[in-house]
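Below: the structure, in structure tokens.
All of the numbers you see were taken from the coordinates with simple rules; none came from a lab. Owing to the predicted nature of the structure, the values given are computational and were not obtained by experimental measurement. Glycine gets a Cβ as well: all are built from the backbone with ideal geometry, and neighbour counts include every protein chain shown.
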Amino acid sequence: MSDTPTWFTDAVSVVPEDRRIEVDGVEIHYLSWGDTGRPGIVFVHGGAAHAHWWSHIAPAFLASHSVAAVDLSGHGDSDRRDRYSLDQWCDEVAAVIRHAAFDGPPVLVGHSMGGFVTVATAARHASLLAGAVIIDSPVIEIDPEVRQARASETFNKEREYDEPDGPIERFRAVPGQDVYLPYVKQHIAERSLRQDPDGKWRWKFDSSIFMPARKDAAEYLARITCRVALLRCEHGLVTRDIGEYMYEQLGRVAPVIELPTAGHHPMLDVPLILITAIRSLIADWDHSRPLRRS
């Protein structure tokens with residue numbers, strides 16, 4: 001695209017390494033950028049998304065960090081399971097952290113459903129993390145992908161296509177939002193389909209990921225002991241009331257930061273604001289002492 005900015009083309013020109021590990025009998029894929037032996041950042045996508053939702057974000061941190069982005073089971077290029085659970089996805093993230101060979105515990109960053117996974121991972125695998133950033137995850141409500149999947153045909157039916165151009169052109173996030181940067185949307189959409197041996201093109205997620213009951217991530221909030229921050233999108237799903245509830249559950253020691261003009265998916269409309277917010281948090285955490293629960 002002629003109007004694609006240089007920062008974006010530079011970022012996606014940094015090709016990550018594809019890595020795979022086995023977790024409880026299933027092969028989990030993740031992307032890795034940068035040299036091992038550096039401080040780490042691990043990104044976790046939302047429901048029906050995949051690791052490449054972060055591939056224009058991750059390179060912004062390579063001057064100081066090694067970065068990974070995981071495909072949870074049932075998503076992206078990871079294998080599928082017969083059943084999915086929040087705790088199982090947490091264990092997959094923990095396995096990636098151990099495998100990635102960071103210099104010390106990394107910061108975990110999760111969006112939407114991936115924020116739920118981040119909350120639970122921070123509670124269940126606290127020793128593995130230096131901090132956790134939760135992006136627009138309304139943990140006292142059912143996540144939006146699950147709500148829409150159960151109420152409509154959006155996700156609960158496997159779809160196949162003879163060619164990829166049509167579905168790529170129609171690609172939209174769930175829930176939808178008013179603004180998408182076209183070059184970001186195109187980049188992610190092109191990496192959201194796979195061609196199967198029968199020649200058909202299909203989306204890279206298992207439609208059954210939304211059907212099982214999920215353990216409520218809210219119960220994990222009060223158990224988090226590492227540093228944690230909440231990024232609330234101005235036009236997203238975490239209302240001020242939900243943000244206040246999460247702040248209280250976290251012992252009133254976690255910043256709640258609004259991303260101005262952002263929809264629920266800030267990597268699609270305000271990626272530079274998102275990068276700046278995460279950079280600022282990590283820089284502060286590197287040079288300050290954490291507040292403790294009262």
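Using amide H atoms built in the peptide plane, which far-off residues or other-chain residues are under 5 Å from L108 H to H?
Those qualifying (amide H under 5 Å, at least 5 residues apart or on another chain) are V42, A130, G131, A132, V133.
Treating each Cα of the chain as an identical point scatterer and ignoring solvent, apply the Debye formula and state log10 I(q)/I(0) at q = 0.08, 0.10, 0.16 Å⁻¹.
For the requested q values the scattering log ratios are -0.31, -0.49, -1.39.
Using the Karplus curve 6.51 cos²θ - 1.76 cosθ + 1.60 with θ = phi - 60°, work out ³J(HN,Hα) for each residue of the range 189-200 in order, rounded to whole Hz, and write x for Gly and Pro.
Using θ = phi - 60°, the values come out as 4, 5, 9, 9, 10, 10, 9, 7, x, 7, x, 7 Hz.
Antiparallel DSSP bridges in the chain: what percent, to the nearest 5? Please list the in-between numbers first.
Values: 17 of 41 bridges.
If I count the DSSP bridges inside the chain, around 40 percent turn out antiparallel.
Each residue of the range 123-133 in order: what ³J(HN,Hα) in whole Hz does its phi give by Karplus 6.51 cos²θ - 1.76 cosθ + 1.60, θ = phi - 60°, with x for Gly and Pro?
Whole-Hz 3J(HN,Hα) from phi for the range 123-133: 7, 8, 10, 4, 5, 7, 10, 8, x, 9, 10.
Find how much the distance from R172 to D216 grows on full extension, using 0.36 nm per residue of separation minus their present alpha carbon separation; answer in nm with one decimal. Spell out each step's value before the answer.
On the way: separation 44, 0.36 × 44 = 15.84 nm, distance 2.67 nm.
Working it through step by step, the gained length comes to 13.2 nm.
For R81, list long-range residues whose amide hydrogen, built 1.01 Å from N in the peptide plane, is under 5 Å from its own amide hydrogen.
Correct list: G74.
For D35 and D79, what is the calculated FRET efficiency with R₀ set at 30 Å and r taken between the beta-carbons, to the nearest 0.05? If you can, show how the numbers build up before the last one.
Details: r = 28 Å, r/R0 = 0.93.
The pair D35/D79 has a calculated efficiency of 0.60.
Amide H of I224 versus every other amide H placed in the peptide plane: which residues, excluding those fewer than 5 positions away on the same chain, fall under 5 Å?
Residues meeting the criterion, in which the H sits 1.01 Å from N, do not exist here.
Given +1 on the Cβ of Lys and Arg, -1 on the Cβ of Asp and Glu, and no further charges, what dipole in debye does the chain carry about its Cα centre, rounded to the nearest 20?
That gives a dipole near 880 debye.
Could you list the residues of the range 230-249 with an amide nitrogen less than 16 Å from a label point located 7 Å from the Cα of S280 in the Cα-to-C-beta direction?
Counting only backbone N, you get 230-235.
Rounded to the nearest 0.05, what FRET efficiency is calculated for T239 and R289 with R0 set to 35 Å and r the Cβ-Cβ distance? Each step should come with its number before you reach the end.
Numbers: r = 31 Å, r/R0 = 0.88.
My answer for the efficiency is 0.70.
What FRET efficiency do you get for E163 and H99 if R0 is 35 Å and r is their Cβ-Cβ distance, rounded to the nearest 0.05?
Values: r = 36 Å, r/R0 = 1.03.
It comes out at approximately 0.45.
Spelling out what I want: for every residue of the range 271-277, take phi, set θ = phi - 60°, compute 6.51 cos²θ - 1.76 cosθ + 1.60 (Karplus), and round to whole Hz; glycine and proline get x.
x, 6, 5, 4, 4, 4, 4
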